[in-house]
Amino acid sequence: MAEKHPIPTSDTKTAHTTKERTSSFKVDRLRIYTPARGPGKFIEMNEGGKAAWTEINIFEDIYSSVVHGDITIQEGVGLIEAVPIMGEEILEVRISTAGAVPSPIGGNTSNVPPTPAEADKFINHFFRIYKLDPPIQLNENFRAIKMHFVSDIMFTNMQVKVQRTYPTKKVKNQAQSETVTDYKPYTVADIVRDIYVECLIEERRPTRCLPTNIDLLVEPTRGAYSVCIPNWTPFKAINFLASRAMSVNGKSKGSNFVFYETLKGFRFVSIETLFQ
């Protein structure tokens, strides 16, 4: 959870103080992109905007396929009605963790990426706002509004279906007069990677959905596997495969795989490996 403190104190630190601590961070960019304002138009929620955020909660859960959370803003200009905000907007969050130098990614108005040495200290994520709570009146001039969001890739997942059988038939030698076919063996890890790349990144991804650069880290699994996926969403198919996967790690003897998202990317890994 992140909160803004109205009055700075000696205990309040950001990622750019001389005394670092692992829980320190700085919100470098916080924008809401709304279709009502046209392509590329946004509402600035950080310093200098018409509305200011007071609290951000971002939740990572090994039993949830995507990151989700909520943001509370304060405004006094009728922003929700004037824009209007309907609960279908894109929220861009850019955060720097402790020790990031120089100022995160060139400041609020810059799109200059961090250097490779600094890249791991930055989090840049897009969420989809899907619900607004009723406004709470704070005083005569200001009110608080809580907006709930989920990782934008969730909406891409909902628009794609997987209907495929593994292993797939491959032509072994087209030069031969008689066609010879071969079935490439797939492990569960291979199938998971194939579904993720094909459906959420490459040709199967709907063009109207935002492109994603979220990485997927897959723990190797043992044994060839055959499966027929009957028109499921990619996340449902991957979670089904998680219930069947077995790790090649000799210390991870169970079949307790989970598929979840962190702010750094997706993970397909066994719980025993996480313990280690």
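Given (1) in a strand (DSSP E or B); (2) at pLDDT 90 or above; (3) of a type in the set (Gly, Ala, Ser), where does Ser96 come up short, assuming only one miss?
Here Ser96 meets the rest and fails (2).
Give just the number: which of (1) crowded, with 18+ Cβ neighbours inside 10 Å; (2) at pLDDT 95 or above does Lys236 not satisfy?
(1)
Would you pick out the residues in the range 126-167 that are among the polar types (S, T, N, Q), outside any strand (DSSP E or B) and open to solvent by less than 20 Å² (accessible area, probe 1.4 Å)? Spell out how you get there, then give the answer.
Within the range 126-167, the subset among the polar types (S, T, N, Q) is 137, 139, 141, 151, 156-157, 159, 163, 165.
Next, only the ones that are outside any strand (DSSP E or B) stay: 139, 141, 156-157, 159.
Hits for the range 126-167 are Thr156, Asn157.
Pick from the range 18-40 the residues that are out of contact with any Lys or Arg (no Cβ under 8 Å at 6 or more places or on another chain) and at pLDDT 80 or above: which of them is surrounded by the most Cβ atoms within 10 Å (Cβ to Cβ)?
Among those that are out of contact with any Lys or Arg (no Cβ under 8 Å at 6 or more places or on another chain) and at pLDDT 80 or above, it is Ile32.
Go through (1) of a type in the set (Gly, Ala, Ser); (2) more than 30 Å from Phe268 (Cβ to Cβ); (3) at pLDDT 80 or above and name the single condition Ser64 misses.
(2)
In the range 181-212, which residue that is surrounded by 12 or more Cβ atoms within 10 Å (Cβ to Cβ) and among the β-branched types (Val, Ile, Thr) is modelled with the lowest pLDDT?
Only one residue fits best here, namely Thr212.
The values are calculated or read from the model by the stated rules, or taken from the named source; none is laboratory data. If you're wondering where the values come from, they're calculated on a predicted model, not measured in any experiment. Here the Cβ is made from the backbone with ideal geometry for all residues, glycine too, and neighbour counts use every protein chain on show. The accessibility values were calculated without ligands, DNA or RNA, using every heavy atom of the protein model including side chains. Shrake-Rupley method; radii C 1.70, N 1.55, O 1.52, S 1.80 Å.
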